[in-house]
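Any read-out appearing in this document is the output of simple, stated calculations on the displayed coordinates, not a laboratory observation. Because the structure is predicted, anything quoted here is derived from the model rather than measured. Note that each Cβ is placed from the backbone with ideal geometry, even for glycine, and that neighbours are counted across all protein chains shown.
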Amino acid sequence: MSAERLRLVTDPVELLEPQLSAAVEDSPDGERRLRLPLSRIDAAVEALALRGGQLAALFPVTAPEPSLLAAVAFQGDLVALRAPLDGAETYPSLSRVTPAALLPERELHDRWRLTAVGHPDLLQAVDPDPDRFDRRIVGEQTFVIPYGPIRSGVFESIQYVIETGGEDVLALHVRPFFKHRRLEQRFTGLGFDHAVQVAERVAAIAGVAHATAFCQAVERALGVEPTRRAQRWRVVHAELERIANHLDVAVKLAEDAALAVGVARFGILKEQIQRLRAQLCGSRFGRGVLVPGGLAAPPLLEPRVALAVLDGFERQLRRDRRLLLGTASFTDRLVGSGALDRETVEAYAGIGPVARACGIAADARFERPYGAYVRVGGRIATVDEGDAMGRLRVRFHEIRESLHIIRQAFERLDKYGPELRSDLPDARGAAFGWAEAPMGELIYWVEVAAGLVRTVRISSPSLRNWPLFAASFRGDVLTDFSFIEHSFGLTPAGADR
Amino acid sequence: MIEWIARGLRTGIVTTRYPKRPEHPPAGFRGRVDILEADHGMPHLEATCPTGAIHVNEDGRVSLDQGRCILCGLCVAADPVRFAFAHGYETATRRRASLIAGEPGADALEDLRATLGERSRTLRRSIHIRHVDAGSDGGEEWEIQALNNPYYDMQRLGFFFTLSPRHADILLVTGAVTPAMRTPLLRAWETMPEPKAVVAAGTDACSGGLSAAVETSAGGVDAVLPVDVYVPGSPPSPIALLHGLLLATGVLTREAAA
Amino acid sequence: MSTVYTLGMVLLAVAMLAPLIGVRVSLAASAMGSALLAVVGVGTAARWSTASIDLGGWLGFGDAHLRADGLAGIFLALTGAAGAAVSLGLLERRPTRLATTLHAVIMLAVATVIGVDQAFVFLLAWETITVSLYLLAASGRDRPAALLSAYFGGSLSKLGGACLLAGFALLYGKTGSFTFHAWTSASGLGAARSIAFVLLLLGFGSKIGLIPSQAGLPPLYTSSPAATAATIAIAYNAGFYGLWRLGFQTLGPGPAWWGEVVLVLGALTAFVGILYAVGQDEITRFLGYSSVEHGGIVLLGFGVALLGQSAHQPKLAAAGLLAATLHLIMHGIAKPLSFLAADRVSAATGERELRPLGGLAPHLPRTAVAFGLAALSLAAMPPFGGFVSEWFTFEALLQSFRLDSTVARLIMALAAAMLALTAGIGLLAFAKLFGGTFLGRARSFFAHLREPGPGLGVFVLSAVALALGAIAPWEIQWLGHGLQGTLGFDLADSTISFPLVLGPVYRHFSVLAPTWLALGIPAFVLTTALLVRILLRPPVRRAPVWLSGAAPAAASVQYTPDSYANPIRVVLSSTYRFRRTLEPIPGPASPRLWEVRTDVTPAFEAYLYRPLVRAGLRLSAHTRRLQSGRLGTYLLYILVVLIVALALIPALHNR
């Protein structure tokens, strides 16, 4: 797919170097690193954004010196703009360039005391007070429903402040960071075996993706490639995780529509996948599979047995999917709810099924192929509708693609050597690692030295997409709320870290 | 609608018979780590565990705090003679001390609260559960939601999820309590009428898990609320959760073998 | 009885001299006079005796009498009882002398309208009511707005009066007499009967708030001073009396389309009334539109009565008329009660809008109870009077199978559906009104909140409203006597079966036992409470409100009165043309604040009134050209008229 995209002539290095006194630095494949002065960082991001770049991450790093790093996804590469801090505590805000920077800059302010000058709304984001929130709409016609942090159902904790006139939702603010467990700090000083355990537990439902991104970052920092066999198994686990997540979204949507048969049938399908994962590795969430360098242990199930299970699963899924999408009382609730247009998604740098439902063909597996995705192909599933129905349809397409990818991954397995794990040298380095989590692209920045992890920074797709959720309420009413929320399929644990 | 019914009939009954018949996990399933050989342990064993669950005392006696174990399997891989994954799903206990495997007879030194079933005759067969996420990683929520799918169907045992704490009998808490979730969790507890019980689901809830080392987390639910049943696991499987819930209501009295 | 009648009317006449005798004496006289009239009404309707006053012929156009027969007795009792209570309520509020005078004038005029048997005096009294309503509304607070409302309401009433005049003139032309008796026994009226019916319907409808003149009524309520809105509510009954007496009794059995038209108009009125009501923020305007709605419901029963009368099925007519009368009585008690209670709220807080209120129940308990009883009655909750009357209305509409005409059956069925919809929205609307005022947390702070007086009038009406459902069997017996003259038989026999069980005139069609309900529900509640207290003795622990784990300032997170209406507006947004836009408030950039602008297109104002007014103004602009102001033109006009008259008189004389 990425081959079809026209590559512009302009190279970011050519673009930025003369204008902004940027200097190129060494970087592994797939990344372009530029060093520039702190005062020009907003101009650099703007220059890239005007040509289609999207702000993917913004965090302070410590290698090679304390700096502010802005990662921009530009023409298939990750362009890392590193601005040395030199003890500075302020920097020009990127929010005037892209609204995708609003929430990360508030987090930077709370966690590292870095103030973005020119940010319109620098309120506290981390560890919010559930009782104190501001109303944005004045007047007596509206009132506030603080939905959360403890919500109505078995859901993760996050607070939504809904300003409504009674039924119509006029404004919505998302307040994450109630579950801020400070896990990024937990990585510091751990050996790789222990650190990957932390990575898996940042967001359990995307644990394989987190472990993949973390391991990939370590491997790229040390210049090591995992074994081919390990790469294929990583792909299998990642795709199984994606299928489980998408089925979970279908279950939640059916539950919102009070379609009990839908809940039951898709609950059965999801349970089959979770049990398959447990048979493959002992954990229903794919834990203990990945380590930097390859796999931690040999798989517990033969590939042909797993394929047989997946064949039966696919037959059932096809019929259940046809029934679900043919139930008018279900689809009527989704069509037209939470509609997003392409411009808004691009402005907020939205990713994942949310962006693909608006026709944006962005998928880290195929734009910046990593691991076995370099050799295993697939199609990026997009639709044009942009509403909750579109997101569900994108997810069903992706399930079909995932099954196809798993079959391809198993095909050549016997041709590879039995080694599961490559050795890791005792070097120092710092690199990005990325993976396409079920919610969107996940980016890790890992700095390693002497066999220990020094710094980890995470850019979570859930956090990137949450402002889009607030922006997707146009003319929707309160009864549509859970449909739209579940159609986004985001996880507060990943966003809050 | 007929097609749904036809598909359901063709699938048949998939519901487990637990607790009437025991349910066995697949080979290699990570539910609980047991100590096979507790003596003659070397101090370096403590470093294999990322959460510090393994303790070797001066006599060389090895103990594993299952309340801190995140089931990473590193100790099993390092010393398979001494550590192994148990062949069962059940992990729940009513005393925190019972979670420490290898410790000789952690017995009735703790004052146990009566189970819900003992406190109220009517609360044996119809229990309403309010779940609160106090900072989990999201996995426990999936396993708790799985309790309602046709495989586990907790409603046949009389358990129901409720949305309002005023209707709840059991508070099912996941996650080590983060600072921001502490007050909402306490409010949920206050709003529940007597008799009520707390079930801490997941290793994070039992002891703080990976977050325990960070000073800002409370270090487990029992730092904030009186816990009746601990269900360790990372995350605990649905059967383990059912076992824990049945312990809390007093339907089951046998705890997981420590 | 006649002496009591005379005494009552004299006292009301004396009360008109408020500027001379003082406000308190005048109101006391009003109260006494109304009470006496109530006594007369009860007595004559129950057929214990008759009462009449001979007015002689000095008012012109033949002899006139104030005669209290069965039908008039019912309305006299209602008006008298409500009037006495309202007068007592006004006594506490010390209205101006003008308001007191007008109150007395209205009471007297209404009593006259109800009693008189001659059309000319009827019309005089009717127009007196119209003028008094106008003056009352125009004398209220905020002069410019009050004047506008008064003008609007008054003009619509005046148009109605003009229709009445036309109708009466038509009937006079056909029969040569102004007395109702002559009209009842007239034959050979032909098409004039139907034309007169339509004119009378429009005329009386303008006082009731029938479509399309429903917009005239609420502004009158809103602008009238102090508690005199309750007086206007009493005058409202006069319109129904006119329909009962003239439409049903005098113009006799008419073609079926009379009943069908009334049903359609009634259903539309009820629906439109409640839709407007549910979105209102001002309490009196809300109650005004609620009056429109209840008027529509009463007309549903009346329409069934007309259909039964035209199909020569006296039981069907009785079912409809009974339902309508019961509803009328309930409304006649509950609406003045609600206006008095609303006035007490505005006296205590200084607010007339719902938005700033809330949480008043602990501070104004008696007002809350009174308002609550009125709201429960008007929202048709069992076991109160509104439930009984709406039940009867539904049952009357369900008798459609007794008619042969398919059109009539269809219309009755549709009207029943409309009534159900109206009742549902009505419940929501009154929940909004009561909840928004008395329940929840206060949205504003009011200093020194206390009851504005002992509330004697409110107490009387509350007691009646409380018992109205339970005493339904006795009420129906009394109504049966009263309506016997109109219907030709006593409906109480077939309505009440033993013991205290009611049926909709067709005895075995359906049953309702409001008395047993009124005894049973409290008994059940009390017994359960006692059992719980004695047997279980549960310890009570209070915990704060559960709000998803948050505990913000309560006032900002509770439903506002607007929010009750919001779902209906959103769902019916195409009907209401309901649109909400957010506009940024200019100010410092952080944090950005917004303001909501709500656009609602009121259909009647935009599509009916304004075009008509514009057409009328254009027409009058044309005719103004006739008044050129030049002497020569006027002399020419006189010459032309003289010639025409000279030409016509011989022609007419020859015929």
Fill in the blank from the handout: Taking only the alpha-carbon positions of the range C:355-469 as identical scatterers, the Debye log10 I(q)/I(0) at q = 0.11, 0.13, 0.20 Å⁻¹ comes out as -0.50, -0.63, -1.05
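State the Kirkwood hydrodynamic radius of the protein assembly as shown in Å, one decimal place, computed from all pairs of distinct Cα atoms. Before the final figure, lay out each step's value.
Numbers: mean 1/r = 0.0271 Å⁻¹.
Kirkwood hydrodynamic radius for the protein assembly as shown: 36.9 Å.
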Practice task
For the range A:425-497, just the Cα set please: Rg and Dmax, both in angstrom.
Solution key: 17.1, 57
Completion exercise
Here the net charge surrounding A:P60, from other residues whose Cβ is less than 13 Å away from its Cβ (Lys, Arg +1; Asp, Glu -1), is -4
Exercise for the section: Specify the angular offset, from 0 to 90 degrees and rounded to the nearest 10, of the alpha carbon long axis of helix C:561-571 from the longest principal axis of the alpha carbons in chain C. Expected result: 70
Exercise for the section: Determine the distance separating the Cα centre of the range A:362-411 from the Cα centre of the range C:308-342; give it in Å without decimals. Expected result: 69
Problem - Directionally averaged shadow of the range A:324-407, computed from the convex hull of its alpha-carbon atoms, nm² - result: 5.9
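I need B:F160, C:F168 ordered by Cβ neighbour count within 10 Å, fewest first.
Result, fewest neighbours first: B:F160, C:F168.
In nm², what is the average projected area of the convex hull enclosing the Cα atoms of the range C:267-331? List each step's numbers first, then the result.
On the way: hull surface 16.6 nm².
Convex hull of Cα atoms, orientation-averaged projection: 4.1 nm².
Based on alpha-carbon atoms only, what is the radius of gyration of chain A relative to the globular estimate 2.2 N^0.38 Å?
Values: Rg = 22.0 Å, N = 497, 2.2 N^0.38 = 23.3 Å.
This ratio for chain A stands at 0.95.
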Problem - Virtual spin-label span in nm between C:A543 and C:A145, 7 Å along Cα→Cβ - result: 4.5
Practice task
Determine the principal axes of the Cα atoms in the range C:169-289, then give the extent along each, sorted from largest to smallest and rounded to whole angstroms.
Solution key: 52, 28, 18
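D for the range C:406-469, whole µm²/s, Stokes-Einstein with Kirkwood Rh over alpha-carbon pairs at 20 °C and 1.002 mPa s: what number?
Details: Rh = 15.9 Å.
Estimated via Stokes-Einstein, D reaches 135 µm²/s.
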Exercise for the section: Just report the Cα centroid separation between the range A:239-256 and the range C:480-521, whole Å. Expected result: 61
Handout entry: Label-point separation, A:D414 to C:R441 (7 Å along Cα→Cβ), nm
Key = 7.0
Practice task
Give the dimensionless ratio obtained when the Cα radius of gyration of the range C:162-222 is divided by 2.2 N^0.38 Å.
Solution key: 1.32
Practice task
May I ask for the net charge around C:S177, where only other residues with Cβ less than 12 Å from the Cβ of C:S177 are counted and Lys, Arg are +1 while Asp, Glu are -1?
Solution key: -1
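Estimate the FRET efficiency between A:T479 and C:A463 by the formula 1/(1 + (r/R0)^6), using the beta-carbon distance for r and 41 Å for R0, to the nearest 0.05. Display every interim value, and only then the final one.
Working: r = 43 Å, r/R0 = 1.05.
Calculated transfer efficiency: 0.45.
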Practice task
Positive end of the charge dipole of the protein assembly as shown (Lys, Arg +1 and Asp, Glu -1 on Cβ, about the Cα centre): tell me which of C:P336, C:L123, C:L439 has its Cα farthest that way.
Solution key: C:L123
Problem - Efficiency of FRET from Cβ geometry, A:R375 and B:A78, R₀ 41 Å, rounded to 0.05 - result: 0.75
Exercise for the section: Assuming R0 = 51 Å, can you tell me the calculated FRET efficiency for the pair A:S329 and A:R304, based on Cβ-Cβ distance, to the nearest 0.05? Expected result: 0.80
Exercise for the section: Please state the charge dipole magnitude for chain A, taken about the Cα centre, from unit charges on C-beta atoms (+1 on K and R, -1 on D and E), reported in debye and rounded to the nearest 20. Expected result: 1480
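Return the tail of the calculated pair distribution for the range B:116-249, meaning the percent of Cα-Cα pairs more than 26 Å apart. Spell out each step's value before the answer.
Details: 1329 of 8911 pairs.
Roughly 15 percent, rounded to a whole number.
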Problem - Neighbourhood charge, 14 Å Cβ-Cβ cut-off, centred on C:I274 and excluding it, Lys, Arg +1 and Asp, Glu -1 - result: +1
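Based on the inverse mean of 1/r over its pairs of different Cα atoms, what is the Kirkwood hydrodynamic radius of the range C:438-512, in Å?
Working: mean 1/r = 0.0632 Å⁻¹.
The Cα-based Kirkwood calculation yields 15.8 Å.
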Exercise for the section: Can you grab the distance from the C-alpha centre of the range C:213-235 to the C-alpha centre of the range A:163-200, Å, no decimals? Expected result: 59
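What percent antiparallel are the DSSP beta bridges of the protein assembly as shown, to the nearest 5?
Numbers: 76 of 102 bridges.
Taking every DSSP beta bridge with both residues in the protein assembly as shown, the antiparallel ones total about 75 percent.
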Practice task
Using label points projected 7 Å from each Cα along Cα→Cβ, tell me how many nm separate C:V613 and B:A6, to one decimal.
Solution key: 6.5
Problem - Isotropic mean projected area of the C-alpha convex hull, the range C:1-246 (nm²) - result: 12.4
Practice task
For chain C, just list the percent of Cα-Cα distances falling in each 10 Å bin from zero outward, please.
Solution key: 3, 15, 25, 26, 17, 9, 4, 1, 0, 0
Handout entry: Whole-number D in µm² s⁻¹ for the range A:183-464, Kirkwood Cα-pair radius fed into Stokes-Einstein, 37 °C, 0.692 mPa s
Key = 170
